[in-house]
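To start, the structure under review is shown below, and the notes come after it.
The values are calculated or read from the model by the stated rules, or taken from the named source; none is laboratory data. Only a predicted model underlies this, so the values are computations on that prediction, with no experimental measurement involved. Note that we place each Cβ from the backbone using ideal geometry, even for glycine, and neighbour counts take in every protein chain shown.
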Amino acid sequence: MSTVEREDARIGSVLTPFDRISALAFSGAERALLVSVAGGAEVSQPAVIRLHGAGADGLAFGHTFIEVGDLAEVVLVLEQTGSVTLADNVEVLVGAGARLRLVTVADWEADAVQAQHLHFRLGRDARVMHVQVALGGDLVRQYTSVEYSGRGADAELYGLYFADARQHLEHRLLVDHGVPDCRSYVAYRGALQGEEAHTVWVGDVLIRAEATGTDTYEVNRNLLLSDGARADSVPNLEIETGEVIGAGHASATGRFDDEQLFYLMARGIPETEARKLVVRGFFAELLGKIPVESLREKLGAAIETRLARAGA
């Protein structure tokens, strides 16, 4: 791990800014954090990168470049905390046959604002599993995009978010299938509680005419825990070829299931604990995708703290 100047040839070779904020972050970051994994390396322990905002005035910029060499295997955690107004870009280049498990955590203080663009480029037979967690912040918008540069690549994108009163959490995704025989799976789940809690999820999957043999599916689930919360969910699927293995999408937003609550309470479980069990079960699958046990426990505790704070 090191830092490089913005003039480094790798910077901008994977990610193209997609809007004005992304472009502003690209031009404003004078240096970039470089995380490089040599080809063929198998990193036995997760590498954790922590960014802590110190509440500085004005807009901060960030840039991270992650490169995983051919046939390498690694687990990376990018954890962002503290107070900041941040625009940042993250480029991820995954070589042929490489395996990357990436966890990104936005657990900001209540006044933080972030706009992030995260872009993956996958080589032939590369495999990526990304778990995106958003808990803190006043306004957090994360845009994730995937590009395939070789056959046989596989991307699994998971997301977990919990919006509290007056929080705005927004996730937008684009999975661009441009080569044959690749796979993608997208599954995001969010919970909302409190007045003016608001989440936006927009998932776009594009299967281009040349991307025969594509297998893709995307799903978003939202759980409303109180009145006054709003979840917007828009899955999109654009198919330009009929020669696909599978392509589908789904979305569901609903209130807390009173029948589940009654079932648990009828067996002697207090209402507060019953509500925690239902929410814990809602998130259990996605928490289980996080390959770092200590982080799983920490995030599970953070979710329960939010429920307790609301008097659940």
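Of everything in the stretch 199-223 that's surrounded by fewer than 19 Cβ atoms within 10 Å (Cβ to Cβ) and under 20 Å from the mean Cα position of the chain (by Cα), which residue is farthest from L287 (Cα to Cα)? Walk me through how you get there before you give the answer.
The first filter runs over the stretch 199-223 and keeps only residues surrounded by fewer than 19 Cβ atoms within 10 Å (Cβ to Cβ), leaving 200, 202, 204, 206, 208-210, 212-213, 215, 217, 219.
From what's left, under 20 Å from the mean Cα position of the chain (by Cα): 200, 202, 204, 206, 217, 219.
Values: V200: 21, V202: 21, D204: 24, L206: 28, Y217: 20, V219: 16 Å.
Residue satisfying both the conditions and the ranking: L206.
Could you tell me how many of the residues in the stretch 228-261 are surrounded by 11 or more Cβ atoms within 10 Å (Cβ to Cβ), out of contact with any Gly (no Cβ under 7 Å at 6 or more places or on another chain) and farther than 28 Å from D215 by Cβ?
Number satisfying all stated conditions: 6.
Restricting attention to the stretch 2-36, which residues are free of Cβ contacts under 8 Å to residues at least 60 places away in the same chain, aliphatic (A, V, I, L, M) and either over 24 Å from Y143 (Cα atoms) or not in a strand (DSSP E or B) (or both)?
If the condition is that a residue be free of Cβ contacts under 8 Å to residues at least 60 places away in the same chain, aliphatic (A, V, I, L, M) and either over 24 Å from Y143 (Cα atoms) or not in a strand (DSSP E or B) (or both), then A9, A23 are the ones that fit.
With the requirement that a residue be buried (at least 22 other Cβ atoms within 10 Å of the Cβ), over 11 Å from the mean Cα position of the chain (by Cα) and not in a loop (DSSP other than H, G, I, E, B), what does the stretch 122-135 give you?
Matches in the stretch 122-135: L122, V128.
Of the residues K276, K289, which is out of contact with any Gly (no Cβ under 8 Å at 6 or more places or on another chain), surrounded by 14 or more Cβ atoms within 10 Å (Cβ to Cβ), outside any helix (DSSP H, G or I) and in contact (Cβ under 8 Å) with a residue 12 or more places away in the chain?
Working: K276 fails: outside any helix (DSSP H, G or I).
So the residue among K276, K289 that is out of contact with any Gly (no Cβ under 8 Å at 6 or more places or on another chain), surrounded by 14 or more Cβ atoms within 10 Å (Cβ to Cβ), outside any helix (DSSP H, G or I) and in contact (Cβ under 8 Å) with a residue 12 or more places away in the chain is K289.
Among the residues of the stretch 242-262, is any in a helix (DSSP H, G or I), at pLDDT below 90, hydrophobic (A, V, I, L, M, F, W, C) and within 21 Å of the chain's Cα centre (by Cα)? First the steps, then the outcome.
Residues of the stretch 242-262 in a helix (DSSP H, G or I): 258-262.
Then keep just the ones that are at pLDDT below 90; that gives 258-262.
The next check asks that each one be hydrophobic (A, V, I, L, M, F, W, C); those that pass are 261-262.
Still in the running and within 21 Å of the chain's Cα centre (by Cα): none.
No: zero hits.
Looking only at the stretch 1-45, which residues are among the acidic types (D, E) and within 22 Å of the chain's Cα centre (by Cα)? Write out each step before concluding.
In the first step, residues of the stretch 1-45 are kept if they are among the acidic types (D, E); the result is 5, 7-8, 19, 30, 42.
Answer for the stretch 1-45, where residues must be among the acidic types (D, E) and within 22 Å of the chain's Cα centre (by Cα): just D19.
For the stretch 48-103, which fully contained strands (runs of 3 or more DSSP E) count at least 2 residues that are surrounded by fewer than 20 Cβ atoms within 10 Å (Cβ to Cβ)?
Details: elements: 60-68, 73-83, 85-94.
Filter on the stretch 48-103 gives 60-68, 73-83.
Looking at the stretch 197-221, I want the residues that are farther than 24 Å from Q167 by Cα and have a partner that is of a type in the set (K, R) with Cβ atoms under 8 Å, at least 6 apart or on another chain. Which pairs are those?
Filtered contacts from the stretch 197-221: T214/R183; D215/R183; T216/R183.
Where in the stretch 136-218 are there strands (runs of 3 or more DSSP E), lying fully within it, with 2 or more residues that are modelled with pLDDT of 95 or more and more than 22 Å from A250 (Cα to Cα)? I'd like the intermediate steps shown before the answer.
Values: elements: 139-148, 154-163, 168-177, 183-192, 198-207.
Counting at least 2 such residues, we get 139-148.
Can we say Y158 is among the hydroxyl-bearing types (S, T, Y), over 12 Å from the mean Cα position of the chain (by Cα) and crowded, with 21+ Cβ neighbours inside 10 Å? So that I can check it myself, show each step before the final result.
Numbers: among the hydroxyl-bearing types (S, T, Y): yes; over 12 Å from the mean Cα position of the chain (by Cα): no; crowded, with 21+ Cβ neighbours inside 10 Å: yes.
No.
Looking at L15, L24, L34, L59 in this structure, which one is of a type outside the set (G, A, S) and in contact with a Gly (Cβ under 8 Å, 6 or more places away or on another chain)? Full working, then the answer.
Values: L15 fails: in contact with a Gly (Cβ under 8 Å, 6 or more places away or on another chain); L24 fails: in contact with a Gly (Cβ under 8 Å, 6 or more places away or on another chain); L34 fails: in contact with a Gly (Cβ under 8 Å, 6 or more places away or on another chain).
Only one candidate passes the filter, namely L59.
I'd like the full set of residues that are assigned to a strand (DSSP E or B), aliphatic (A, V, I, L, M) and buried (at least 20 other Cβ atoms within 10 Å of the Cβ), limited to the stretch 104-120. Spell out the reasoning first.
Start the filter on the stretch 104-120 by keeping residues that are assigned to a strand (DSSP E or B), which leaves 104-108, 113-120.
Remaining after also requiring aliphatic (A, V, I, L, M): 105-106, 113, 115, 118.
Matches in the stretch 104-120: V105, A106, A115, L118.
Being touching a Leu at 6+ places or on another chain (Cβ under 6 Å), of a type in the set (G, A, S) and more than 19 Å from V92 (Cβ to Cβ) is true for just one of A60, A54, A47. Which residue is that? Break it down into steps so the answer makes sense when it comes.
Working: A54 fails: touching a Leu at 6+ places or on another chain (Cβ under 6 Å); A47 fails: more than 19 Å from V92 (Cβ to Cβ).
Only one candidate passes the filter, namely A60.
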